[in-house]
Amino acid sequence: MPSFDAVLRRLFGQTDWVPKVLLGGALCFVPIVHFLAFGYLLEYAFRLRSSQDLNLPEWQEFGWRELFIRGLYFTAVFVGTFLLPLLVGFMLGRFLDIATFGVLGYLAYVPLGFMGVVAPSLFLSSLLLYTRDGMFSDAWNLAEMLRLALAMFRHLVIPTFAFWGFLVLALPLYGFACFIGVWVLVAYSIALLHGKASERQSSY
C-alpha cells in the first residue's frame with residue numbers, strides 16, 4: 001500500500017511539474033476559465049487510472065473545448081459530492097446553534113467539521129467510479145460510492161487534514177492551493193486503488 005509521503009515525493013519529484021501547476025492554478029482564479037483547470041485534473045485522473053503514471057501531462061496535449069467539457073463534468077461531481085455535504089453540515093450546524101440559542105458555541109458546528117473530513121472521501125470515490133469506465137452515471141452510484149469511501153477513509157484522513165491545512169495557509173493564493181490540493185488527493189486516491197488491487201492479486 002503506497003504511503004502518502006511516498007506519493008508526495010514522486011509527485012513533487014517531477015522535473016516539470018511547476019509550470020504545469022502554475023498554469024492550472026492561474027486558471028482557477030478566473031471564473032468560467034477555471035473549468036479548463038478542472039478538465040485538466042479530470043484528464044489526469046483518467047490517465048493515471050489507466051497508466052499508473054503520476055507525471056502530469058502536457059497542457060498542449062488537450063484541446064480547450066475538450067478540457068472545458070471535462071471541467072463541467074468534474075464540477076458536477078465536485079459540487080454533488082464535496083460542496084453539497086459541506087453545505088448540509090453547515091446547515092445542521094446553524095440549526096443546532098439557533099435551536100440551542102448559541103449555548104453550544106463552536107460545538108454546534110461539529111457537523112460541518114465532520115462533513116469536512118468525510119466530503120473529500122466521497123468526492124474521490126465518486127471520481128474513481130467515473131474514471132473506471134468513463135461512465136458519468138457511475139459517479140452517482142451511491143452504494144458503490146459509500147463502499148469505496150469507507151474502504152479508503154482511514155488512508156485519507158491525514159491527506160484530508162493536510163488538504164484543509166494547505167488551503168487555509170495558502171488562502172490568498174487559493175487558485176494554486178485548490179489545484180495542487182486536488183491534484184495530490186486525486187493522485188493518492190488512485191495510487192491507493194492500484195495498491196489495493198495489487199494486494200488482492202498477490203493474495204491469490
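Rule-based calculations on the coordinates, nothing more; no lab input. It should be emphasised that the depicted structure is a prediction, and the values quoted were computed from it without experimental measurement. Virtual Cβ from ideal backbone geometry, glycine too; neighbours counted across all protein chains shown.
Summing Cβ point charges (Lys, Arg +1; Asp, Glu -1) relative to the Cα centre of the chain gives a dipole of roughly 240 debye. Can you name the helices of the chain, as whole DSSP H runs, whose Cα span along the helix axis is 18 Å or more and whose Kyte-Doolittle mean is not below 1.6? Helices passing the filter in the chain: 84-99.
Please say if segment 61-175 is rounded, prolate or oblate, where rounded means a/c under 1.5 for a ≥ b ≥ c the square roots of the C-alpha gyration tensor eigenvalues, and otherwise the choice is prolate for a/b larger than b/c and oblate otherwise? Each step should come with its number before you reach the end.
Details: a/c = 2.03, a/b = 1.67, b/c = 1.22.
Note, shape of segment 61-175 comes out prolate.
Placing unit charges on each Cβ (+1 for Lys and Arg, -1 for Asp and Glu) gives the chain a dipole about its Cα centre, and among Leu169, Trp64, Leu104 the Cα reaching farthest toward its positive end belongs to Leu104. Length, then width, then depth: along the principal axes, the Cα atoms of segment 4-198 run 56, 38, 32 Å. Within segment 98-160, the chymotrypsin sites (Phe, Trp or Tyr not before Pro) that combine a DSSP coil assignment with at most 14 other C-beta atoms in a 10 angstrom radius are Phe101. Taking Gly165, Gly102, Gly116 in turn, the Gaussian network model of the chain (Cα-Cα springs below 10 Å) assigns the largest fluctuation to Gly102.
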